[in-house]
Amino acid sequence: MKVLFVAAGMAALICSPAAAASRGNYTALGAGTQTCAAWVQFRQRDPSAANLVVSWVQGYLTASNDYLMQDGGVNSPDVTEIGAWLDGYCSTHPQSNIAYAAADLAAELLPHAK
C-alpha cells in the first residue's frame, strides 16, 4: 500500500503541467522537472520508486540516440548505473533538475567524448 501511495503521489507530481521547466529551446516535462535535491530525498526514502525518474532519463537517452544517429548515439548505461550517476551529480548540483542532469549524462556518454 505504501508503494502504491508513493507511486501515485510521484505520478501526480511528475505529470503536473505546472511542473514544466525550460532550458534552451525546449521545455522539460514530467520527471525531468524534478530538482536534484528532490531526487536525493526521494532516493533515500524509497529507492525502488526512484525507477520512475530513472525511466525518464532512459527516455531522454533514447531520444538523444534517435537525434544523434549520425554520430552513433550515446552508450546505454543500465538502471543501476543511471541511479548511481544521478546520486553523484545531484549531490553536487542540488538546484539543477533531472532534465539538466540527463543532458549532462548524455553529453558524457557520447562516443567522441571518451
Exercise for the section: Tell me which residues come under 5 Å, amide H to amide H, from L29 once H is placed; ignore anything under 5 positions away on its chain. Expected result: none
Handout entry: Placed amide H near N97: partners under 5 Å, 5+ positions off or other chain
Key = C36
Practice task
Please list the non-local residues whose amide H lies under 5 Å from the amide H of V74, H modeled 1.01 Å from N, same-chain partners needing a gap of 5 or more.
Solution key: N65
Problem - Span per principal axis, largest first, for the Cα atoms of segment 32-88 (Å) - result: 40, 21, 17
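Read-outs throughout are calculated quantities, based only on the coordinates presented, and are distinct from any laboratory measurement. Predicted, not measured: the structure shown is a model, and the values here were computed from it.
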